[in-house]
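Report on the following structure.
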Amino acid sequence: MARYTAGDLVKLLRESGTLVSGEQLSRQLGISRTAVWKHISALRSLGYQIDAVPSQGYCLRVEPEQLCEDSLCSLLGEVRSIGRKIVCLAETGSTNAEAFRLAESGAVEGTVVLADRQTAGKGRMGRRWESPAGVNLYCSVILRPSLPPYEAPQLTFLSAVAVARTIQRVSGVEPTIKWPNDILIHGCKVAGLLNEMNAETDQIGFVILGIGINLNMRQEQFPEDLRSPATSLMLASGSPVSRLAFTVQLLKELEGEYQRFLLYGFEPVRREWEQFCNAYGRQVRVEVGANVVEGAFGGIDSDGAMLVQLEGGRRERVLSGDVKVL
Ligand code: BTN
């Protein structure tokens, strides 16, 4: 049976937007009224402002914005892997670098590193990732799957699906994924992924899933020299997003995707990824170092390589590069 958490209770209150009776909460969550009250008290001590109106119910007024270990752990409840240990930092160079250090010194699988601000946020291909304080999500997750290193890219697709699902669930906005790991809303980049690995020849030691999501960034906070258009979830949806609620949902989605991947392999991830990709059959131009490959996008291979159908009928496999959908 599902174990309901303080996070589920907050979700019900948030979604209702008004007073919800203790009885309704206890019925919907399948817990006693006393358990509802205990969750409400715990949430208040974490900074949630919840009004209790005698004989009417509870109403959520204000959610805390700061990401902290205690809030995240109690909102997540019991977890199998992702979020077993959470480290929240006010500032760090890069959460990926910090997670890498922790993993090297033996941190458990599922350890999550979050920072309010990054001073040296890393993007793909040696680029920097703009990481102002207080508005976005900078998250790195340590995984230790028993897989050969060549299968590690599959985890990037897994995290892209988890991010896209979270955006859908939290904001109702429909994101798309651009190969290999850019999450877009109306063609503008809202999130990026940077996975890093430590491996022996035939076995992954650990993988760091690095996830950066522009949640509440305002237009003037984006640098002027951006290579391609970018947005934030707030700009795209018109409403600010609770960082805490988003993070909880993201960790749950990652957990679900990861457990399914361990059980059933890459195929279900690939199918889900394809549902978020709107480039099928469209002309793409891929810059691979100094070379350019142009053709129709033909999906992804079982190792995550992009398939490009060239004009003469030949099919090219691309392992990394910058893609433009023409
Ligand atoms: C990209 O270029 O699209 C990838 C961006 C990845 C940014 C995230 S933010 C959290 C984690 N820490 C980093 O330094 N980078 C990743």
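Please treat every number below as a calculation from the coordinates, not as lab data. Remember, predicted model here, so these are calculated numbers, not experimental data. All Cβ positions, even for glycine, are placed from backbone atoms using ideal geometry, and neighbour counts span all protein chains on display.
Results, tabulated for the structure shown:
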item: Directionally averaged projected area (convex hull, Cα atoms, region 1-119), nm²; result: 8.3
item: Rg/Rh ratio calculated on Cα atoms of region 1-42 (Kirkwood radius); result: 0.91
item: Spatial separation of Cα centroids for region 1-71 and region 206-232, in angstrom; result: 32
item: Of Leu194, Pro145, Phe206, farthest towards positive along the dipole that unit charges on Lys, Arg, Asp, Glu beta carbons give region 114-245; result: Leu194
item: On Cα atoms only, tilt of 243-264 relative to the major axis of the chain in degrees; result: 60
item: The chain: projected area of the alpha-carbon convex hull, averaged over directions, in nm²; result: 17.8
item: Sparsely packed trypsin sites (Lys or Arg not before Pro) within region 1-102, loop by DSSP, other Cβ within 10 Å at most 15; result: Arg3, Arg80
item: Straight-distance crosslink candidates among aspartates and glutamates, where the alpha carbon sits under 13 Å from Lys122 and sequence neighbours closer than 8 are dropped; result: Glu98, Glu130, Glu196
item: Relative contact order [Cα under 8 Å, 6+ residues apart], the chain, whole percent; result: 13
item: All aspartates and glutamates inside 16 Å of Lys178 as judged from Cα atoms, apart from same-chain residues fewer than 8 positions distant; result: Glu272, Glu274, Glu287, Glu294, Asp301, Asp322
item: Relative pair counts by distance (%), Cα atoms of region 213-266, 10 Å bins; result: 21, 34, 26, 18, 2
item: Over 17 Å [Cα-Cα, region 93-213], rounded percent; result: 56
item: Environment charge at Gln28 (Cβ cut-off 13 Å; Lys +1, Arg +1, Asp -1, Glu -1); result: 0
item: Gyration tensor verdict on region 190-246 (Cα atoms; rounded if a/c is under 1.5, prolate if a/b is larger than b/c, oblate otherwise); result: oblate
item: Fully extended contour minus Cα-Cα distance, from Ala296 to Val325, at 0.36 nm per residue; result: 9.5 nm
item: Backbone HN-Hα couplings from phi across region 127-135 [Karplus 6.51/-1.76/1.60, Hz, Gly and Pro as x]; result: 7, 9, 10, 4, 9, x, 6, x, 10
item: Distance between modelled label sites at Ala120 and Glu23, nm, 7 Å Cα→Cβ extension; result: 6.0
item: Local net charge near Leu67, Cβ-Cβ under 14 Å (Lys/Arg +1, Asp/Glu -1); result: -4
item: Calculated FRET efficiency for the pair Gln168/Ala133, C-beta based, R₀ 30 Å, to 0.05; result: 0.65
item: Residues Glu224 and Ser45, FRET efficiency given R0 of 35 Å [Cβ-Cβ distance, rounded to 0.05]; result: 0.20
item: Karplus-derived HN-Hα couplings along region 232-237 (A = 6.51, B = -1.76, C = 1.60, θ = phi - 60°), whole Hz, x at Gly and Pro; result: 10, 5, 5, 5, 6, 9
item: Rounded to 10°, Cα long-axis angle of helix 153-171 versus longest principal axis of the chain; result: 40
item: Order of Thr176, Thr34, Thr201 under a 10 Å beta carbon neighbour criterion, fewest first; result: Thr201, Thr34, Thr176
item: FRET efficiency, Glu267 to Lys85 (Cβ-Cβ, R0 22 Å, nearest 0.05); result: 0.15
item: Rounded to 10°, Cα long-axis angle of helix 6-16 versus longest principal axis of the chain; result: 90
item: Charge sum, other residues only, whose C-beta stays under 14 Å from Pro223's C-beta, Lys/Arg counted +1 and Asp/Glu -1; result: +1
item: All aspartates and glutamates inside 12 Å of Lys85 as judged from Cα atoms, apart from same-chain residues fewer than 8 positions distant; result: Glu69, Asp70, Glu109
